[in-house]
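Colleague: Would you mind keeping the following structure in view while I ask a few things?
The values are calculated or read from the model by the stated rules, or taken from the named source; none is laboratory data. In this text, all values refer to a predicted model and were calculated from it rather than measured experimentally. Using ideal geometry, Cβ is built from the backbone for each residue, glycine included, and neighbour counts are taken over all protein chains shown. SASA here: full protein model, heavy atoms, side chains in, ligands and nucleic acids out. Shrake-Rupley method; radii C 1.70, N 1.55, O 1.52, S 1.80 Å.
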Amino acid sequence: MGRLFVITLEGSFYTCKHCRTHLALSDDTLSKSFHCRHGKAYLFDKIVNVTVGEKEERLMITGLHTVVDIFCVGCGSLVGWKYEAAHEKGQKYKEGKFILERFKVLGPDGSNYLSSQEAQVVGSDADDA
């Protein structure tokens, strides 16, 4: 299989919640206003230490997109997806950008994020960001 080279980030960054492999710098966050089925999702210009799955057409709230799922190289966990193509003119800015699902990563301060389902189970208030 070959040797695995993992990039170590410096500064403030997001990590895989399972194995703590570095994934993205906080400074590379383009938007924190995206959503996925587990709650919040963040849009990034670049990320590291991931592999990609097969291209697929996925119908999302904002229309049809060609995406590839992205997986942590450290443990193989699904951490988000990459936009390969947007089929609607107003969504073209997403092409080549990455989504990290906040539920699947640890924040720069090491904090975990509960999905909306888990938050309801433990009685937390919904987050309207």
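Colleague: Applying the selection to the stretch 1-42, what residues are among the small types (Gly, Ala, Ser) and open to solvent by less than 40 Å² (accessible area, probe 1.4 Å)?
Modeller: Residues of the stretch 1-42 among the small types (Gly, Ala, Ser): 2, 11-12, 24, 26, 31, 33, 39, 41.
Ala24, Ser26, Ser31, Gly39, Ala41 - these are the residues of the stretch 1-42 that are among the small types (Gly, Ala, Ser) and open to solvent by less than 40 Å² (accessible area, probe 1.4 Å).
One line per residue, one yes/no per condition, for (1) over 14 Å from the mean Cα position of the chain (by Cα); (2) modelled with pLDDT of 95 or more:
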residue	(1), (2)
Phe5	yes, no
Thr15	no, yes
Arg37	no, no
Ala41	no, no
Glu54	yes, yes
Leu59	yes, no
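Colleague: May I ask you to list the residues in the stretch 6-56 that are basic (Lys, Arg) and either assigned to a loop (DSSP other than H, G, I, E, B) or in contact with an Asp or Glu (Cβ under 9 Å, 6 or more places away or on another chain) (or both)?
Modeller: Correct list: Lys17, Arg20, Arg37, Lys40, Lys46, Lys55.
Colleague: Further question on the same structure: Would you mention how many residues in the stretch 28-49 are closer than 18 Å to Ser12 by Cα, free of Cβ contacts under 8 Å to residues at least 60 places away in the same chain and not polar (S, T, N, Q)?
Modeller: First, pick out the residues of the stretch 28-49 that are closer than 18 Å to Ser12 by Cα: 28-32, 41-49.
Subsequent filtering for residues that are free of Cβ contacts under 8 Å to residues at least 60 places away in the same chain retains 28-29, 31, 43-49.
Checking the rest, the ones that are also not polar (S, T, N, Q) come to 28, 43-48.
Result for the stretch 28-49: 7.
Colleague: Which pairs do you get when a residue that is touching a residue at least 24 places away in the same chain (Cβ under 8 Å) and among the aliphatic types (A, V, I, L, M), found in the stretch 58-77, comes within reach of a residue that is open to solvent by 50 Å² or more (accessible area, probe 1.4 Å) and outside any strand (DSSP E or B), reach meaning Cβ atoms under 6 angstrom, with the pair 6+ apart or on two chains?
Modeller: Leu64/His87
Colleague: Here's a follow-up. With the requirement that a residue be in contact with a Cys (Cβ under 9 Å, 6 or more places away or on another chain) and either on the phi > 0 side of the Ramachandran plot or open to solvent by 60 Å² or more (accessible area, probe 1.4 Å) (or both), what does the stretch 43-74 give you?
Modeller: Asn49, Thr51 - these are the residues of the stretch 43-74 that are in contact with a Cys (Cβ under 9 Å, 6 or more places away or on another chain) and either on the phi > 0 side of the Ramachandran plot or open to solvent by 60 Å² or more (accessible area, probe 1.4 Å) (or both).
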